[in-house]
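All remarks here apply to the structure that follows.
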Amino acid sequence: MRGKVCLVTGGGSGIGRATALKMAEEGAEAVVIAGRREAEIEDTAATCERFGSRALALRTDVTREDDVARLVATALECYGRLDVAFNNAGFQERRAVLETQDSTVYDQVFDGNVRSVYLCLRHQLPAMFARGAGRIVINASVSGVRNPNAGFSLYSASKAAVISLTRSAAMEAAPRGVRINAIAPGRVVTDMMLRAGVGDVATVAAGLPLRRMGEPAEVAEAVVWLLSDAASYVVGHVLAADGGFLAS
């Protein structure tokens with residue numbers, strides 16, 4: 001990440017925060033942190049600056065096009081370019097069988113997970129195409145490949161759509177110098193996961209090959225690798241950071 005201008009959505013907590021800090025630790029010139037909870041993203045920005053990176057916290061609702069357009073435009077205005085982006089923001093419904101989930105929940109899930117990615121790509125890609133270079137990672141989930149738990153039908157369907165969108169966008173962007181990939185975390189301890197009611201953490205962990213839950217920092221390592229020169233020939237890939245869940 002040395003010398004790169006980076007952008008992270010959903011950067012106030014969990015995997016987004018861990019990735020922003022890893023970018024700064026790896027020498028990012030600047031890290032733009034977007035999110036809806038202002039105090040959290042400002043704390044992430046302040047921590048990034050302790051690593052020597054310039055940082056900017058921008059309150060952003062990534063389901064709103066005006067907000068996303070402003071986010072990218074501000075990054076370009078402040079730093080002159082956008083080198084890498086981690087489109088991490090998302091939403092998981094509380095666990096419940098499908099027939100009890102109303103259309104409001106459907107809209108929250110698909111807006112938070114699919115519309116948000118579309119809007120980010122729509123505004124990030126022109127900025128990167130203008131320079132003929134860029135790298136984007138999108139946060140998907142193992143649930144988009146194989147749903148590990150009943151009660152999350154909408155989340156799983158939305159993440160399957162994210163994976164398909166990632167692959168299609170990657171094929172369009174690669175000839176123009178922009179690499180797009182996805183990360184598919186498994187059971188990682190985050191506030192969103194705990195709020196959704198996945199179940200007893202110890203029981204879930206016991207069912208994984210590693211016999212433990214993942215940590216946000218472990219996923220951040222994989223995200224930063226996908227965004228780095230070390231992954232220069234990786235395009236349209238979905239990298240599972242899942243403790244072996246998909247292999248089991």
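The values are calculated or read from the model by the stated rules, or taken from the named source; none is laboratory data. Worth saying up front: this structure is predicted, and the values here are computed from it rather than measured. All Cβ positions, glycine included, derive from the backbone under ideal geometry; neighbour counts span all protein chains shown.
Looking at the range 203-244 only, could you name the residues that are over 15 Å from the mean Cα position of the chain (by Cα), within 18 Å of residue 88 (Cβ to Cβ) and in a helix (DSSP H, G or I)?
Of everything in the range 203-244, just one residue is over 15 Å from the mean Cα position of the chain (by Cα), within 18 Å of residue 88 (Cβ to Cβ) and in a helix (DSSP H, G or I), namely 231.
Going by the conditions given, is residue 83 surrounded by fewer than 18 Cβ atoms within 10 Å (Cβ to Cβ) and either of a type in the set (D, E, K, R) or under 30 Å from residue 248 (Cβ atoms) (or both)? Before you say what the answer is, go through the steps one by one.
On the way: surrounded by fewer than 18 Cβ atoms within 10 Å (Cβ to Cβ): no; either of a type in the set (D, E, K, R) or under 30 Å from residue 248 (Cβ atoms) (or both): yes.
In short, no.
Please go through the range 1-11 and give me each residue that is assigned to a loop (DSSP other than H, G, I, E, B) and in contact with a helix residue (DSSP H, G or I) (Cβ under 8 Å, 6 or more places away or on another chain), ordered by number. Step through it out loud before you land on a result.
First pass over the range 1-11, keeping only residues assigned to a loop (DSSP other than H, G, I, E, B): 1-4, 10-11.
The answer is 1, 4, 10, 11.
Which one is modelled with the lowest pLDDT, of the residues in the range 190-202 that are in a loop (DSSP other than H, G, I, E, B) and more than 15 Å from the chain's Cα centre (by Cα)? Give the steps one after another, and end with the answer.
So in the range 190-202, the residues in a loop (DSSP other than H, G, I, E, B) come out as 190, 197-200.
Now restrict to residues that are more than 15 Å from the chain's Cα centre (by Cα): 197-200.
Working: 197: 58, 198: 62, 199: 61, 200: 67.
Out of the qualifying residues, it is 197.
Residue 135 - would you say it is part of a loop (DSSP other than H, G, I, E, B), at pLDDT 95 or above and out of contact with any Gly (no Cβ under 6 Å at 6 or more places or on another chain)? It would help to see each step written out before you state the result.
Details: part of a loop (DSSP other than H, G, I, E, B): no; at pLDDT 95 or above: yes; out of contact with any Gly (no Cβ under 6 Å at 6 or more places or on another chain): yes.
Judged against the criteria, residue 135 is not a match.
Looking at the range 34-48 only, could you name the residues that are under 15 Å from the mean Cα position of the chain (by Cα) and buried (at least 24 other Cβ atoms within 10 Å of the Cβ)?
Within the range 34-48, the first condition is being under 15 Å from the mean Cα position of the chain (by Cα), and the residues that meet it are 34-36, 41.
Listed by number, the residues that qualify are 34, 35, 41.
Give the residues of the range 12-28 that are farther than 13 Å from residue 137 by Cβ and either of a type in the set (Val, Ile, Thr) or in contact with a Lys or Arg (Cβ under 6 Å, 6 or more places away or on another chain) (or both), sorted by residue number.
Selection gives 12, 27, 28.
Looking only at the range 161-190, count every residue that is under 20 Å from residue 230 (Cα atoms) and without any contact (Cβ under 8 Å) to a residue 24 or more places away in the chain and tell me the total.
1
When residues of the range 146-156 are filtered for being in a helix (DSSP H, G or I), touching a residue at least 40 places away in the same chain (Cβ under 8 Å) and within 21 Å of residue 244 (Cα to Cα), how many remain?
First pass over the range 146-156, keeping only residues in a helix (DSSP H, G or I): 153-156.
Then drop every residue that is not touching a residue at least 40 places away in the same chain (Cβ under 8 Å), which leaves 153-155.
Those left that are additionally within 21 Å of residue 244 (Cα to Cα): 155.
Result for the range 146-156: 1.
In the range 83-141, what residues are in contact with a Cys (Cβ under 6 Å, 6 or more places away or on another chain) and of a type in the set (Val, Ile, Thr)? Even if it seems obvious, please write down each step before you answer.
Residues of the range 83-141 that are in contact with a Cys (Cβ under 6 Å, 6 or more places away or on another chain), as a first pass: 84, 87.
Scanning the range 83-141 gives a single hit, 84.
Hey, could you check the range 51-100 for residues that are of a type in the set (Phe, Trp, Tyr) and in contact with a helix residue (DSSP H, G or I) (Cβ under 8 Å, 6 or more places away or on another chain) and say which is nearest to residue 181 (Cα to Cα)?
Looking only at the range 51-100, we keep the residues that are of a type in the set (Phe, Trp, Tyr), and these are 51, 79, 86, 91.
Adding the requirement that they be in contact with a helix residue (DSSP H, G or I) (Cβ under 8 Å, 6 or more places away or on another chain) leaves 51, 86, 91.
Values: 51: 26, 86: 10, 91: 20 Å.
Filtering the range 51-100 for residues that are of a type in the set (Phe, Trp, Tyr) and in contact with a helix residue (DSSP H, G or I) (Cβ under 8 Å, 6 or more places away or on another chain), the one nearest to residue 181 (Cα to Cα) comes out as 86.
Out of 116, 164, which single residue is within 19 Å of the chain's Cα centre (by Cα) and surrounded by fewer than 17 Cβ atoms within 10 Å (Cβ to Cβ)?
On the way: 116 fails: surrounded by fewer than 17 Cβ atoms within 10 Å (Cβ to Cβ).
Criteria check complete, one pass: 164.
Could you tell me which residue of the range 89-136 is farthest from residue 216 (Cα to Cα), considering only residues that are touching a Phe, Trp or Tyr at 6+ places or on another chain (Cβ under 7 Å) and polar (S, T, N, Q)? Write out each step before concluding.
Here is the first cut: in the range 89-136, the ones touching a Phe, Trp or Tyr at 6+ places or on another chain (Cβ under 7 Å) are 92-93, 95, 108-109, 112-113.
Subsequent filtering for residues that are polar (S, T, N, Q) retains 92, 108, 113.
Details: 92: 17, 108: 23, 113: 18 Å.
Filtering first and then ranking leaves 108.
Restricting the search to the range 124-138, which residues are farther than 16 Å from residue 234 by Cα and either small (Gly, Ala, Ser) or buried (at least 20 other Cβ atoms within 10 Å of the Cβ) (or both)? Walk me through how you get there before you give the answer.
First, pick out the residues of the range 124-138 that are farther than 16 Å from residue 234 by Cα: 124-132.
Answer for the range 124-138, where residues must be farther than 16 Å from residue 234 by Cα and either small (Gly, Ala, Ser) or buried (at least 20 other Cβ atoms within 10 Å of the Cβ) (or both): 124, 125, 127, 128, 130, 132.
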